[in-house]
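Data block below; observations after.
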Amino acid sequence: MPSISRLKLFHVALPLKKAIRHASHERATSDSLVARVDLDDGSVGFGEGVPRSYVTGETIETATAALEDFDAAAFLGRLGDFASVVERLNSMTLPSIAADPRGMFGNAARSALELAILDAYGRSFGASLSDAVRLASRTPSLLTDSPTSVRYSGAITAESPRGEFLSALKMRAYGFHQVKLKVGVAGQDDAKRLSQIRRILGRSIDVRLDANEAWSADELLDRVAPLRRFNPSALEQPVPHAQVSQLARLREELRIPVMLDESLCGYPDGLRAIEDGTADIFNVRVSKCGGLIPTLRLIELAANAGLAVQLGCHPGETGLLSAAGRHLAGNVKGIRYIEGSYDRHVLKQNLIHEDVTFHYGGWAKPLKGPGLGVTVDPASLESMTVTRREIRYD
């Protein structure tokens with residue numbers, strides 16, 4: 001029965017092919033916290049979290065501190081099979097998450113640790129993260145019969161008119177069935193942008209909008225009115241989290257399904273959104289929501305409340321989180337929008353040997369093999385590491 005002998009934490013800075021811009025932030029590199037778990041039987045696993053101060057309030061430093069203060073080896077103990085590992089992880093929280101009314105401060109840290117544990121024990125017991133999804137599910141009716149192929153959607157960030165024109169052409173040529181457009185960036189005419197993009201994409205491609213908290217509740221209806229004629233299928237996080245309660249009275253007048261993102265980071269957020277009637281769609285992300293199992297819990301919560309789900313991703317996440325998202329998306333039915341596996345299109349350099357980027361039309365096959373089904377390239381990890389920390393468990 002293996003147990004954890006060591007935890008290594010790496011602050012990794014990944015160079016992006018081009019800056020990613022939206023209403024809340026712009027970045028040319030992506031900072032991740034990568035966790036490496038070593039078991040005393042020689043098995044090794046990796047996981048990733050993406051701390052974002054404007055999402056869960058975390059930084060690389062706070063996420064690292066949260067894991068330094070948590071004795072993962074003592075929590076898990078010695079477990080004899082993979083099912084026991086999954087069951088134990090179902091109750092794993094960090095002190096900072098437990099103390100947060102929104103249950104989110106420490107979610108990126110928990111994601112990195114949980115995925116590394118699942119990867120390590122999966123390799124030790126010959127099980128995959130798809131097995132973990134199925135073992136963790138409390139709603140078997142949501143599970144596919146077996147891991148299936150996944151179809152991802154495309155995204156157009158806030159760029160120059162020429163850049164957006166070329167991006168839209170690529171989306172159509174590549175056969176995407178869904179595209180997300182970032183809106184709400186100061187100085188841009190969203191109606192004009194959407195008109196051009198619709199002309200290029202045509203009417204058959206599903207287009208949804210992501211405002212990233214760009215508009216106040218008082219101006220929201222006026223901002224959205226000129227965009228409705230382009231038939232967007234959803235509007236993601238239109239107002240700041242501090243004003244999210246006002247969506248309860250605005251949703252009907254908007255006449256576009258509302259998706260929560262920055263206002264949906266922990267399970268308490270999900271319960272509140274359902275109780276207050278502020279959302280039609282949950283945008284869940286593995287890092288933002290605290291790992292594979294907490295993300296699955298929010299998907300189940302949404303499904304049981306009759307809400308739709310988007311499985312999102314953080315721009316610039318590595319192949320580790322891409323793999324985790326693939327396992328989740330390929331084993332759960334009815335996810336309306338799926339984002340992720342942009343690896344080769346976004347990153348100048350990745351952490352893993354395998355290329356898990358989606359193919360034509362956004363399609364991608366299930367991952368095979370134990371754990372995450374991908375392997376970290378030690379040279380890439382070393383070259384992109386900014387700082388590191390090692391924790392030994394005696």
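The values are calculated or read from the model by the stated rules, or taken from the named source; none is laboratory data. What you see is a predicted model; the values in this text were computed from it and never measured. Every residue, glycine among them, receives a Cβ derived from its backbone with ideal geometry; neighbour counts consider all protein chains shown.
Structure values in brief
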| read-out | value |
| --- | --- |
| Test result for Val86, more than 15 Å from Gly316 (Cα to Cα) and out of contact with any Ser or Thr (no Cβ under 6 Å at 6 or more places or on another chain) | yes |
| Candidate set: segment 355-394, residues that are touching a His at 6+ places or on another chain (Cβ under 7 Å) and either part of a loop (DSSP other than H, G, I, E, B) or modelled with pLDDT under 95 (or both); chosen: the one surrounded by the most Cβ atoms within 10 Å (Cβ to Cβ) | Leu367 |
| Qualifying residue in segment 323-338 (condition: assigned by TED's automatic domain parsing to the domain that holds Ser149, in contact with a Phe, Trp or Tyr (Cβ under 6 Å, 6 or more places away or on another chain), surrounded by 17 or more Cβ atoms within 10 Å (Cβ to Cβ) and closer than 27 Å to Gly270 by Cβ) | yes |
| Output for segment 80-99, where each listed residue is assigned to a loop (DSSP other than H, G, I, E, B) and modelled with pLDDT of 95 or more | Asp81, Asn90, Ser91, Met92, Thr93, Leu94, Ala99 |
| Pro226 surrounded by fewer than 23 Cβ atoms within 10 Å (Cβ to Cβ) and more than 22 Å from the chain's Cα centre (by Cα) | yes |
| Those residues of segment 177-236 which are free of Cβ contacts under 8 Å to residues at least 24 places away in the same chain, of a type in the set (Lys, Arg) and under 17 Å from Ile156 (Cβ atoms), in sequence order | Lys192, Arg199 |
| Conditions (1) touching a residue at least 12 places away in the same chain (Cβ under 8 Å); (2) not in a loop (DSSP other than H, G, I, E, B); (3) not acidic (Asp, Glu); number of the one not met by Arg102 | (2) |
| Val86, sole failed condition from (1) surrounded by fewer than 22 Cβ atoms within 10 Å (Cβ to Cβ); (2) hydrophobic (A, V, I, L, M, F, W, C); (3) out of contact with any strand residue (DSSP E or B) (no Cβ under 9 Å at 6 or more places or on another chain) | (1) |
| Segment 334-354, residues that are assigned to a loop (DSSP other than H, G, I, E, B), of a type in the set (A, V, I, L, M) and under 19 Å from Lys18 (Cα atoms) | Leu351 |
| Top-ranked residue of segment 47-83 - restricted to ones that are without any contact (Cβ under 8 Å) to a residue 24 or more places away in the chain and not polar (S, T, N, Q), ranked as surrounded by the fewest Cβ atoms within 10 Å (Cβ to Cβ) | Glu61 |
| Helices (runs of 4 or more DSSP H) enclosed by segment 107-193 - at least 2 residues per element that are more than 20 Å from the chain's Cα centre (by Cα) and aliphatic (A, V, I, L, M) | 161-173 |
| Matching residues, segment 56-106, being acidic (Asp, Glu) and more than 17 Å from Cys289 (Cβ to Cβ) | Glu61, Glu68, Asp69, Asp71, Asp81, Glu87 |
| Helices (runs of 4 or more DSSP H) contained in segment 241-294 and holding at least 2 residues within 26 Å of Ser130 (Cα to Cα) | 267-276, 286-289 |
